[in-house]
Amino acid sequence: MQYIALLRGINVGGKRPVKMSVLKTAYEAAGFTNVQTYINSGNVLFEAPETGLTTLAATCDQIMVETFGFSVNIAVVTADQLIQAVADAPAWWGNMPDVKHNLIVAIAPKTGAELSVHVGAIKPAYEKVAVNGLFIFWSAPVKTFGRTRWSTVAKGDLYQWLTIRNANTARKLVALAQALREA
């Protein structure tokens, strides 16, 4: 089965450095196949026997501890989940210039709905949000980004339970997953 691990908080401002080539080798050494990484933000596509996502996330974290010496929160999703979520994305997400379009992914045991409730009501004049299972689609104009409810999420305890990818990265991960299937 094809999975995508989304590592949170690596290679940010020189902290928690992770070389993607080393990460790829570590996943392969753990027995995962067709391993591919994408950009330095910690995106790993891989295949493994079908198992629970929580178990896979724990295995991926153990790889981090053994290889890099630190633990990270990791959202593991099936490629099918991400492909379907991006296919079902709201029409407003990812298509307007001068707007930040992010895919926020809940890290288990949290859910997208739980994160959304915790953040509170959006400010419709400044942002749009749609929740789809583990995934939260969020868009906000760059010039009013700081006025949104979701822009404040990095300041609270909730931040450890989510990882963020922009629309371009989310779409590229979908394309890579689909290409691996066709190979």
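One table, with the values for the structure above:
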{"quantity": "The chain - percent relative contact order, Cα under 8 Å, separation 6 or more", "calculated": "22 percent"}
{"quantity": "Per-residue SASA entry for Lys110, accessible area with 1.4 Å probe, Å² rounded to 10", "calculated": "60 Å²"}
{"quantity": "Solvent-accessible surface (1.4 angstrom probe) belonging to Ser41, in square angstrom, nearest 10", "calculated": "40 Å²"}
{"quantity": "Solvent-accessible area of Val22 with every protein chain in place, 1.4 Å probe, in Å² to the nearest 10", "calculated": "60 Å²"}
{"quantity": "Within the stretch 164-179: backbone nitrogen closer than 13 Å to the Glu47 label point (7 Å, Cα to C-beta)", "calculated": "177-179"}
{"quantity": "Whole-number accessible area per residue in Å² for the chain, which is evaluated in the context of all protein chains at 1.4 Å", "calculated": "49 Å²"}
{"quantity": "Using alpha carbons only: equivalent-ellipsoid semi-axes of the stretch 67-183, gyration tensor based, whole Å", "calculated": "23, 19, 13"}
{"quantity": "Of all accessible heavy-atom area on the stretch 8-120, the percent that carbon and sulfur account for (1.4 Å)", "calculated": "53 percent"}
{"quantity": "Residue-count net charge about Ile122 - beta-carbon cut-off 12 Å; Lys, Arg +1, Asp, Glu -1", "calculated": "+3"}
{"quantity": "Among the listed pairs Lys15/Lys143; Lys19/Lys123; Lys24/Lys123; Lys15/Lys172; Lys19/Lys128; Lys15/Lys100, those beyond 31 Å (Cα-Cα)", "calculated": "Lys19/Lys123; Lys24/Lys123; Lys19/Lys128"}
{"quantity": "Accessible surface ranking that places the most exposed of Glu127, Glu47, Glu182 first, with a 1.4 angstrom probe", "calculated": "Glu182, Glu47, Glu127"}
{"quantity": "Local electrostatic count, Met96, Cβ distance below 14 Å [Lys/Arg +1, Asp/Glu -1]", "calculated": "+1"}
{"quantity": "The stretch 98-141-the stretch 37-76 distance, computed between alpha-carbon centres (Å)", "calculated": "23 Å"}
{"quantity": "Helix-only [θ]222 nm of the chain, DSSP H runs n ≥ 4, -39500 (n - 2.57) each, per residue, nearest 500", "calculated": "-10000 deg cm²/dmol"}
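The values are calculated or read from the model by the stated rules, or taken from the named source; none is laboratory data. Note that the structure is predicted; figures quoted are calculated from it, not measured. Here the Cβ is made from the backbone with ideal geometry for all residues, glycine too, and neighbour counts use every protein chain on show. Protein only, heavy atoms only, side chains kept; ligands, DNA and RNA dropped before computing areas. Shrake-Rupley method; radii C 1.70, N 1.55, O 1.52, S 1.80 Å.
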